[in-house]
1. Would it be correct to say that residue 92 is under 22 Å from residue 141 (Cβ atoms) and not in a loop (DSSP other than H, G, I, E, B)?
2. Conditions: (1) crowded, with 22+ Cβ neighbours inside 10 Å; (2) touching a residue at least 40 places away in the same chain (Cβ under 8 Å); (3) assigned to a helix (DSSP H, G or I). Residue 98 meets all but one. Number of the miss?
3. Only one of (1) in contact with a helix residue (DSSP H, G or I) (Cβ under 8 Å, 6 or more places away or on another chain); (2) farther than 24 Å from residue 54 by Cα; (3) free of Cβ contacts under 8 Å to residues at least 12 places away in the same chain fails for residue 141. Which number is that?
4. Are there any pairs with C-beta distances below 9 angstrom linking a residue in segment 167-189 that is of a type in the set (Lys, Arg) to a residue that is loosely packed, with under 14 Cβ neighbours inside 10 Å and part of a loop (DSSP other than H, G, I, E, B), with the two at least 6 apart or on different chains, and if so which?
5. Of (1) without any contact (Cβ under 8 Å) to a residue 40 or more places away in the chain; (2) part of a helix (DSSP H, G or I); (3) more than 24 Å from residue 167 (Cα to Cα), residue 118 satisfies all except one. Which?
6. Hey, does segment 127-140 have a residue that's assigned to a helix (DSSP H, G or I), charged (D, E, K, R) and crowded, with 16+ Cβ neighbours inside 10 Å?
7. Condition test on residue 90, is it surrounded by fewer than 17 Cβ atoms within 10 Å (Cβ to Cβ), of a type in the set (A, V, I, L, M, F, W, C) and either free of Cβ contacts under 8 Å to residues at least 60 places away in the same chain or assigned by TED's automatic domain parsing to the domain that holds residue 170 (or both)?
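The values are calculated or read from the model by the stated rules, or taken from the named source; none is laboratory data. These numbers were taken from a predicted model, which means no experiment stands behind them. For neighbour counting, all protein chains shown are included, and Cβ atoms are generated from backbone atoms with ideal geometry for every residue, glycine included.
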Amino acid sequence: MSTGSPRGGVQPPRRLTLETLGAGARHLAVSDPDLASVLDRLGEPPLWGRNPGFPTLVRIILEQQVSLAAARTLYLRLVRRLGGMTPEAVHAAGVGGLRDFGLTRQKAAYCHGLASRVLDGRLDLAAVARGADDAGRRLLLGVPGLGPWSIDIYYLMALRRPDVWPQGDLALAAALRDVKRLGAAPTRVQQQALAAAWAPWRSVAARVLWAHYLDARGQYRPRSGIE
């Protein structure tokens, strides 16, 4: 989702680090007074990085349409019951076993199908990380349970691309309404239009706005590194 050369500032790398996250935040503070206000109040956002690979994709599936806290609880229970989060363990549990651990029928089928694709070689996550983003996205979109939002989150948090805007993210819509002083939460199309001004650092802008969203609800805990 990159748009090419930045309009001033540091050329973003292929993968965000804490250092380049800071560079992107400083660029956004200069170019957008509303984001500058959030950064003045909260400081640079956390990296909120995740390790790329199968466990993170399972966690993203679990996060669909539920709170992050609920998804985290379910994920940790699943890891404990399975003895780890591997394609082999998920596949061996079967859809029925995953449902016994608390997953809905749909999410159990999604996680089991993901494990099957990794084990039989249809989905090479190391190749996705190394390859061109467009090709990797097309491959992930072919996996049941992984839609545009899920894939955007994977590229933003796990592969840590600098210029990704998660499509249809409800928390970002609420944060945009606040920060941009809009009458209502912006639609998906309106979000994309607003975020276009932040290229090539849209992943950093998303982190700034997530920080605002959490802070407004008393849930912001500045941190860095890998979950």
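1. Judged against the criteria, residue 92 is not a match.
2. It fails just one condition, (2).
3. Going through (1) in contact with a helix residue (DSSP H, G or I) (Cβ under 8 Å, 6 or more places away or on another chain); (2) farther than 24 Å from residue 54 by Cα; (3) free of Cβ contacts under 8 Å to residues at least 12 places away in the same chain one by one, residue 141 breaks only (2).
4. 177/183; 177/184
5. All conditions pass for residue 118, except number (1).
6. Within segment 127-140 (the criterion being assigned to a helix (DSSP H, G or I), charged (D, E, K, R) and crowded, with 16+ Cβ neighbours inside 10 Å), the answer is yes, since at least one residue qualifies.
7. Judged against the criteria, residue 90 is not a match.
Quick grid of which residues meet (1) in contact with a Leu (Cβ under 7 Å, 6 or more places away or on another chain); (2) of a type in the set (A, V, I, L, M, F, W, C); (3) modelled with pLDDT of 95 or more; (4) assigned by TED's automatic domain parsing to the domain that holds residue 197:
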site: 4; (1), (2), (3), (4): no, no, no, no
site: 9; (1), (2), (3), (4): no, no, no, no
site: 26; (1), (2), (3), (4): no, no, yes, yes
site: 42; (1), (2), (3), (4): no, yes, yes, yes
site: 69; (1), (2), (3), (4): no, yes, no, no
